[in-house]
There are 2 protein chains.
Amino acid sequence: MVNQVQRGDGTLSSRSDSSAASASGGDSSKESSRCSTPVLDADRTDRLRYKMRRRMESGDHWFSLEFFPPRTASGAVNLISRFDRMGSGGPLFIDITWHPSGDPGSDKETSSMMIASTAVNYCGLESVLHLTCCNQSKDNISRHLSKAKHLGLKNIMALRGDPVGSDWEEEEEGFNYAVDLVKHIRSEFDDYFDICVAGYPTGHPEAHSYKEDLIYLKEKVAAGADFVITQLFFRAETFLKFEEDCRPSGSPCVCVQGYQSLRQLVKLSKLEVPEEITRVIEPIKDNDAAIRNYGIHQALEMCRVLLDSGRVPGLHFYTLNREVATMEVLRQLGMWQEDPRRPMPWAVSAHPKRKVEDVRPIFWGSRPKSYIYRTQDWDEFPNGRWGNSSSPAFGELNDYYLFYLKSKSSKDALLVFEVFTCYIAAQPNRKGHKVMCLPWNDEPLAPETNMLKDELEKVNTRGVLTINSQPNINGKPSTDPIVGWGPPGGYVFQKAYLEFFTSSENVNALLKVLKKYEPRVNYHIVNVHGRNLTNAPDMQPNAVTWGIFPGREIVQPTVVDPVSFMFWKDEAFALWIEQWAKLYEDESPSRMIIKYIHDNYFLVNLVDNDFPLDSCLWQVIEDMFELLQTGQVANDSSLELDS
Amino acid sequence: MVNQVQRGDGTLSSRSDSSAASASGGDSSKESSRCSTPVLDADRTDRLRYKMRRRMESGDHWFSLEFFPPRTASGAVNLISRFDRMGSGGPLFIDITWHPSGDPGSDKETSSMMIASTAVNYCGLESVLHLTCCNQSKDNISRHLSKAKHLGLKNIMALRGDPVGSDWEEEEEGFNYAVDLVKHIRSEFDDYFDICVAGYPTGHPEAHSYKEDLIYLKEKVAAGADFVITQLFFRAETFLKFEEDCRPSGSPCVCVQGYQSLRQLVKLSKLEVPEEITRVIEPIKDNDAAIRNYGIHQALEMCRVLLDSGRVPGLHFYTLNREVATMEVLRQLGMWQEDPRRPMPWAVSAHPKRKVEDVRPIFWGSRPKSYIYRTQDWDEFPNGRWGNSSSPAFGELNDYYLFYLKSKSSKDALLVFEVFTCYIAAQPNRKGHKVMCLPWNDEPLAPETNMLKDELEKVNTRGVLTINSQPNINGKPSTDPIVGWGPPGGYVFQKAYLEFFTSSENVNALLKVLKKYEPRVNYHIVNVHGRNLTNAPDMQPNAVTWGIFPGREIVQPTVVDPVSFMFWKDEAFALWIEQWAKLYEDESPSRMIIKYIHDNYFLVNLVDNDFPLDSCLWQVIEDMFELLQTGQVANDSSLELDS
């Protein structure tokens, strides 16, 4: 099974072996390329060509996935969810086709450029952006490449593209072939990009001969291409012959072959479907399930032959933006990561600027894309400790709202709101689990949060409206399927965390209760106006997730940072209005209730510092309710809040 | 009882209370003075005047200790040991008198300047340097002050000093009174120094009147003095009257009173001893014990009256470089820290440049003064993580050798060498515990190392010559008397560590054995020529001591850093020659043996990354010996070393 972290570590240990075998001089320390960061996963930071090389050297087959940009904004949202799902299977990279008629280099959420950027920055996927060059000016191409670089894209698939219309002619100064584009990239951007080019195992449809086509490929590689992805094919021997014919070129090319049996693709690629396939398909062409099963069967057979040949380092899948068939093939090949190891407890971005990032505030834990969006302009990312970062400047959320959130259905919100209505109306039998799908979470409930489900349900029904939480963890193995992250052989830890909205009456009682829990419990309590009550020492961040790994410094990926909390507060309160209230008519009771909560409730976070003991946070809440029942809070502690 | 760490925390929590009580706006986060480091101990970084203020506000009495510079280099070594011992009792500060006839501003190891610098930099003591100004040029004074600043001294006791000879006259442009010096410091160095001045409860011996003297004191405070230390006195009421008389001046002065009943001091201070005291002393003047007991009794009585008055924030002791009587008085007053809490697992330097330092390589663990010496020119100190520091440049040890090590007796070394002789001669009954006092340790054996004593003895008798080790610790309270450090409420952790010299034959076997312990055990193996064998991933540092505290980021004060290890290696091997071999005649058997070890042995360090489990390092050594006994190492693995 392919596993990112294991790969990384495999490399490290093989490197170590070689350094152990070779004698180094006393001043070897000066020559060593000393890491300034505890890179837990070499694959996270290395460029694609080196990842490939490592995988080839270790004989660890990879797979990659090709997607095309969607037509609509809601299609984009769906595709991004698909990236998250398919990314968890462990592709070495994905690639996004260039859609010349769809304004591919624009800022539209459906453009090739933006989809690739989203895959890199928000989904953390190593991504290759296709780029076609025919009918394009050099300036235009350079603009696209500059933009791609700026967005954090590192890999380009250099293609000629299909000429528009039939009257295409070579231009004197223009880009006529993919090789021109490869040369241009290398001359303008030096070694910044990893460049992939296309190989045609049956020859390019427009080439005069298979042999001539091999010469073109050789030229592309000579011009600076790092690896080759082949056009799809239907017979393993097609590829194996091609691979053999490429070899004498002595080029440093890595051949990756592609496969996905779909009629649409055949049309696009102008390929002929072999007779043995059409013979089978013809009788079942109206039976979708049969067609798909046959396709999966065919693909599996061919992939096995290819992998068994020992001449195929990886498989490239033309997914056509569908996931079922590809995942099924990969599962049956044993290449799909069933249990993806997490390099960090949060999803890592693949932007090169963020490669050292290893600390984030916990607040955006369920809204990681919002966090990435709001910090995209940072020049430096916290590394090792949050306190070392410069004072954080969080961007505004306007565009992000428009792009990612506008297509969220109102139905979800209504369900959540019903729970609150039930709570406010004191209807007892309402199950709290609907509170799980709050607008403060843009990802499905984390498995570890399930560990707290019963307790969360209980407090939510009583007006402690939780939006973020984690259990305490006292040294579980880093390979733990639920709470593990980072390389194997390590131990992960957490302090219990609870974040919720609640009324000022509850906060009054809570503040009294919290005095009993000093210094065990740290708290931050803030309302929409910024009233801020805390016992954080010197406004320092509190590490709430950390890991200890063999041969590394401590990694502490999640902190409760008092300063960031004030920025999160603005976002968290805004969601009441932006995500909920706007679903209802002005002056409607629903809207008034939400507005009331927004204006009067407090956002509270609690950390139990005694991570080796059972969390006391539930007891804190319990004590708060008890105090409220005795009625001893009323006047004097409202003083505390109003002073 | 006075406790540095508790103080720090007390302050933090009182600050938090005030922030909790006051409402702050939404943009308060921008105003907050955000710490860039997880300062565990406010007292460690704050200036003396603020430490005093906090102690006064909390009603927590302090004590301070006065020393004079020694006459000889060996006297300096003794005094530095005394600093370490008396520093552990928790003085708020110590002060070093200015010795005009002893070249006080020079680089001699006995100068006032160097003794104060050593107290600050090597012993981590908040220190006040006395400075007298009469008969001195402005340039000279400025030079002294610049040098003090450069050395990390932050506090000056500004004194006039005793004029040399009886023909002293006021100089027009010169420094005639302490107030001139105070003004000069403030005008030349702004607010950099905390300035202390002297108060004379019975009037200055040369002043015309007690009243005139009070006016002078007021002038000194008005000129910028931060606090006042009084001359010694024999009656509590003397001080209490003085303190009352000072008050109407409305000055921000903090009065500290001093006490130590010794005849010599009386002579120096030109004070008259009250009759009630001479009356008691006269009959017992030849009985030293009786005199001392009476002195302690007298001091205790007076200190109690002063402290009970509520008008004395701290007691200043004129120690005359002796420790017994002062420690006895402080113990009986309950002001001596019996169980000093460690802010870090290693002794923290008090140099302001090092205030953020919170990571060090483990190698110098038993030679902290050497580490401080060799890194004194660093502009930045690692903070949070070692990997963030710039590539380390370690200074040479030459001067350090001369200063600190030359007075080490050869007797100790001989004892240690006997152990090695016994090992080499295979004399079985020799107890290994003598190996505890190796030249690689310049401090007494740490209590936690005692936990490993039996195992250490065992392996040392078999040629695994250990020089540094620590047990694994899996989350002990930070208040643990043996392994605890940092503020209360935290948990401390360690990975097991073992460092030793051993023969190349042993190393051959060890390398075979270590393969079974991948990746659990990290190792670095190096000989004097720099042959370096390691399995450290990417030459990254390995955190081996860390602590988790309420409301803080993770602190990892000790790392095994591959790069620093190469510098430590040079020092560790040099000690064989510099500290041992040189004790013997050239060509003597002893010297030849040491030379052989120096030239042929390897320095090995091992880290067991699985800190929650029992350390496997002893088993590694055991496996090595077993492998050696089976004789399967000989040829093939010597290949491994020689390749």
Expected integer from the mean partner chain Cβ neighbour count at 10 Å over B:553-563 is 5
Sorted by accessible surface (1.4 Å probe, heavy atoms of the protein chains only), largest first, B:SER503, B:SER127 come out as B:SER503, B:SER127
Per residue, how large is the accessible surface of region A:67-215? Use a 1.4 angstrom probe and give square angstrom.
42
What is the percent carbon and sulfur in the accessible area of region A:101-237, measuring with a 1.4 Å probe over the protein chains and ignoring ligands?
46
Expressed in angstrom and rounded, the centroid-to-centroid distance over alpha carbons for region A:49-85 and region B:536-556 is 34
Which cross-chain or sequence-distant (5 or more) residues have an amide H under 5 Å from the amide H of B:ASN532, H modelled 1.01 Å from N in plane?
A:SER24
Mind giving me the nanometre distance, one decimal, between the label points for B:ARG292 and B:HIS529, set 7 Å out from Cα along Cα→Cβ?
5.8
Roughly how many nanometres apart are two label points built 7 Å out from the Cα toward the Cβ at A:GLU206 and B:GLN619?
6.7
How well do other chains shield peptide A:619-627, expressed as the mean number of their Cβ atoms within 10 Å of each residue Cβ?
0
Taking the solvent-accessible surface of protein heavy atoms with a 1.4 Å probe, what is the per residue accessible area of region B:440-542 in Å²?
32
Label position 7 Å from Cα toward Cβ: report the copy-to-copy distances for A:VAL305 in nm, one decimal, ordered from shortest.
10.8
Can you give the three extents of the C-alpha atoms in region A:452-557 along their principal axes, from longest to shortest, in whole Å?
49, 35, 26
Label position 7 Å from Cα toward Cβ: report the copy-to-copy distances for B:PRO274 in nm, one decimal, ordered from shortest.
11.3
Trypsin sites (Lys or Arg not before Pro) lying in DSSP loop within region A:298-381, provided at most 16 other Cβ fall within 10 Å:
A:ARG311, A:ARG322
List the accessible area buried at the contact between B and A, summed over both sides and calculated with a 1.4 Å probe, in Å² to the nearest 100.
5900
Neighbour-limited loop hits for GluC sites (Glu not before Pro), region A:325-366 (at most 16 other Cβ within 10 Å; DSSP other than H, G, I, E, B):
A:GLU338
Counting only other chains, and only Cβ atoms inside 10 Å, what mean value do you get across the residues of A:566-579?
1
From the label point of B:GLU244, set 7 Å along Cα to the beta carbon, how far off in nm is each other copy's matching point, shortest first?
11.2
Expressed as a whole percent, how much of the Cα-Cα distance distribution for region B:505-643 exceeds 23 Å?
47
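The values are calculated or read from the model by the stated rules, or taken from the named source; none is laboratory data. Not measured: the values here are computed from a predicted model. Reconstructed Cβ throughout: ideal geometry from the backbone, glycine too, with neighbour counts over all protein chains shown. Just so you know, the surface numbers come from the protein's heavy atoms only, side chains and all, with ligands and any DNA or RNA stripped out. Shrake-Rupley method; radii C 1.70, N 1.55, O 1.52, S 1.80 Å.
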